[in-house]
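This report concerns only the one structure given below.
The values are calculated or read from the model by the stated rules, or taken from the named source; none is laboratory data. Keep in mind it's a predicted model, so treat the numbers as computed, not measured. For neighbour counting, all protein chains shown are included, and Cβ atoms are generated from backbone atoms with ideal geometry for every residue, glycine included. Only protein heavy atoms, including side chains, enter the accessible area calculation; ligands, DNA and RNA are left aside. Shrake-Rupley method; radii C 1.70, N 1.55, O 1.52, S 1.80 Å.
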Amino acid sequence: MIIAHSEEHHAKLKLFRSHGITSDPFERARKGMHHYEMVSLGYNYRITDIQCALGLSQLTRLDEFIARRQQISAFYRAALADLAPKVTCVDDAPGTTNAHHLFVIQVNKEELGVPRDTVFEALRAENVGVNVHYPLVHLHPYYRETLGTGAGDCPVAEDKYARIISFPMYASMTDEEAQQCVDALKKVVAFYSK
């Protein structure tokens, strides 16, 4: 399933998803032909019919999923406000609608006295499914080795990355589960605030 804002991008994405080949196997079979050309670099990003059907059915519930994620986000923001400045919620960009694929909190080491990883490990010990999204692209081995990037190239991003934690967020999350996450974070912050 590809969604694009222009026919040009749609055509390029269709090429990219299928090894850069100009025709698909069904089209070739329908036309009784075997010849095809690879006109650009691409990958095998085709999905199965079952995956497409599931995707289409999930799209009908998209507004419901986003609304629930926004409810959870509002709850988190209100429930965690008293932890500032030790831990803060990353703000949504003004003038946007955030689907809240992630809900990101920021650990301010200078205020709390411990780094992000300490809070991360403590939350995991409390059975909270936190994560850190996403590792900085310029520090991945491919980019370091291919482009010569490294630590210090993006100091603002590196500083933010060292502070952020992705808090649990999913549309089927219950109010009780969200409260458990909040309670665990407050417990961790209280422990390190002594």
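Of all residues in region 95-112, count the ones that are assigned to a loop (DSSP other than H, G, I, E, B) and in contact with a Ser or Thr (Cβ under 8 Å, 6 or more places away or on another chain).
Step one: list which residues in region 95-112 are assigned to a loop (DSSP other than H, G, I, E, B), which gives 95-102, 108.
Now drop any that are not in contact with a Ser or Thr (Cβ under 8 Å, 6 or more places away or on another chain), which leaves 98, 100, 102, 108.
The number of residues fulfilling the criteria is 4.
Select from region 48-93 the residues that are open to solvent by 80 Å² or more (accessible area, probe 1.4 Å) and assigned to a loop (DSSP other than H, G, I, E, B) and write down the one among them that is modelled with the lowest pLDDT.
Among residues in region 48-93 that are open to solvent by 80 Å² or more (accessible area, probe 1.4 Å) and assigned to a loop (DSSP other than H, G, I, E, B), the one modelled with the lowest pLDDT is Asp91.
Can you tell me which residues in region 101-116 are within 19 Å of the chain's Cα centre (by Cα) and not aliphatic (A, V, I, L, M)?
Result: His101, Phe103, Gln106, Arg116.
Among the listed residues Val119, Val104, Val130, identify the single one that is open to solvent by less than 40 Å² (accessible area, probe 1.4 Å), without any contact (Cβ under 8 Å) to a residue 40 or more places away in the chain, in contact with a strand residue (DSSP E or B) (Cβ under 6 Å, 6 or more places away or on another chain) and β-branched (Val, Ile, Thr).
Val130
Can you find, within region 168-180, the residue that is farthest from Glu111 (Cα to Cα) among those that are open to solvent by 10 Å² or more (accessible area, probe 1.4 Å) and not hydroxyl-bearing (Ser, Thr, Tyr)?
My answer is Ala171.
So, of the residues in region 1-13 that are assigned to a helix (DSSP H, G or I) and open to solvent by less than 70 Å² (accessible area, probe 1.4 Å), which turns out to be nearest to Gln58 (Cα to Cα)? Walk me through how you get there before you give the answer.
Of the residues in region 1-13, the ones assigned to a helix (DSSP H, G or I) are 7-13.
Still in the running and open to solvent by less than 70 Å² (accessible area, probe 1.4 Å): 10-11.
Details: His10: 21, Ala11: 24 Å.
Ranking the candidates gives His10 first.
Just one of (1) open to solvent by 80 Å² or more (accessible area, probe 1.4 Å); (2) at pLDDT 85 or above trips up Arg30, so point out which.
Single failed check for Arg30: (2).
Using beta carbons and a limit of 6 Å, which pairs, at least six apart or on different chains, have the first residue in region 133-157 and under 21 Å from Gln106 (Cβ atoms) and open to solvent by 50 Å² or more (accessible area, probe 1.4 Å) and the second one not aliphatic (A, V, I, L, M) and not in a helix (DSSP H, G or I)?
Pairs found: His133/Ser166.
Which numbered condition in (1) of a type outside the set (Lys, Arg); (2) within 20 Å of the chain's Cα centre (by Cα); (3) open to solvent by less than 80 Å² (accessible area, probe 1.4 Å) is the only one that Ala190 fails?
With respect to (1) of a type outside the set (Lys, Arg); (2) within 20 Å of the chain's Cα centre (by Cα); (3) open to solvent by less than 80 Å² (accessible area, probe 1.4 Å), Ala190 is out only on (2).
Among the numbered conditions (1) in a loop (DSSP other than H, G, I, E, B); (2) modelled with pLDDT under 90; (3) not small (Gly, Ala, Ser), tell me where Phe16 comes up short.
In the conditions (1) in a loop (DSSP other than H, G, I, E, B); (2) modelled with pLDDT under 90; (3) not small (Gly, Ala, Ser), Phe16 misses (1) alone.
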